[in-house]
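The values are calculated or read from the model by the stated rules, or taken from the named source; none is laboratory data. Predicted model only: the values in this text are computed from it and were never measured. Here Cβ is always computed from backbone atoms with ideal geometry, including for glycine, and neighbour counts include all displayed protein chains. With ligands, DNA and RNA removed, areas are computed over all heavy atoms of the protein, side chains included. Shrake-Rupley method; radii C 1.70, N 1.55, O 1.52, S 1.80 Å.
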Amino acid sequence: LPYRPGEVWFDATGVMHRDGRKEFPIGWFSDFFHYPHKGVNVTQSYWNSMTSEEDCGKMNGYINRAVSNGCWYIVSPFQSLPGMKRDDFFSWAHLKGEFGVGKVGELQKKAVRRMVETVKDNPGFLAYYLADEPEGWGTNPKFLKAAHDYLQELDPYHPTIVVDYGEQGVVTYHEAGDVMAPDAYPVYFTDGTTRDR
């Protein structure tokens, strides 16, 4: 691909490059863009619900604020869909229709496309946080792969991230994320369960 300001990619050894420089991202939580944090250079939009075009338009303001506080910004497009409850969107009941065969619906495409168009050219934007613990919501792996592919179609310059309960989740959803990881908490088990199950 031709160079674009703010582009993010990984080399063959898994090292992240941003604007042609090796970088090591560390973070994050949704309040970090409000004020500086030592030792953190990434924050995210997790739970910043985008309920209208006006709210979606505020995203660049969030990114710019994060940058002013020394952070890059990660957006959670499918967890911030306008007018859609997160639990409905991630439940098996919602995935049984056209989603059940691995498709992203037109309403979801429209909403995600609007968010991608809002953030993709902002140099402070780092990546898409595609799913958090998708096995806990019964998310169809085919749907998440389709969502990943759609995001890459819209914006091939930024990676997707999926975080799972444990290593089994990484195996199950590996096609959906350019960056895959178990939870960063010391409570996950290798079989994908948690201390609560």
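For the list (1) open to solvent by 50 Å² or more (accessible area, probe 1.4 Å); (2) modelled with pLDDT under 80; (3) closer than 24 Å to G105 by Cα, I need the number of the one condition that E175 fails.
(2)
Test each condition in (1) of a type outside the set (S, T, Y); (2) more than 25 Å from A66 (Cβ to Cβ); (3) modelled with pLDDT under 70 for Q79 and report the one that comes out false.
(2)
For region 123-160, give me each residue that is part of a loop (DSSP other than H, G, I, E, B), open to solvent by 20 Å² or more (accessible area, probe 1.4 Å) and either more than 20 Å from D19 (Cβ to Cβ) or in contact with a helix residue (DSSP H, G or I) (Cβ under 6 Å, 6 or more places away or on another chain) (or both).
If the condition is that a residue be part of a loop (DSSP other than H, G, I, E, B), open to solvent by 20 Å² or more (accessible area, probe 1.4 Å) and either more than 20 Å from D19 (Cβ to Cβ) or in contact with a helix residue (DSSP H, G or I) (Cβ under 6 Å, 6 or more places away or on another chain) (or both), then E133 is the only one that fits.
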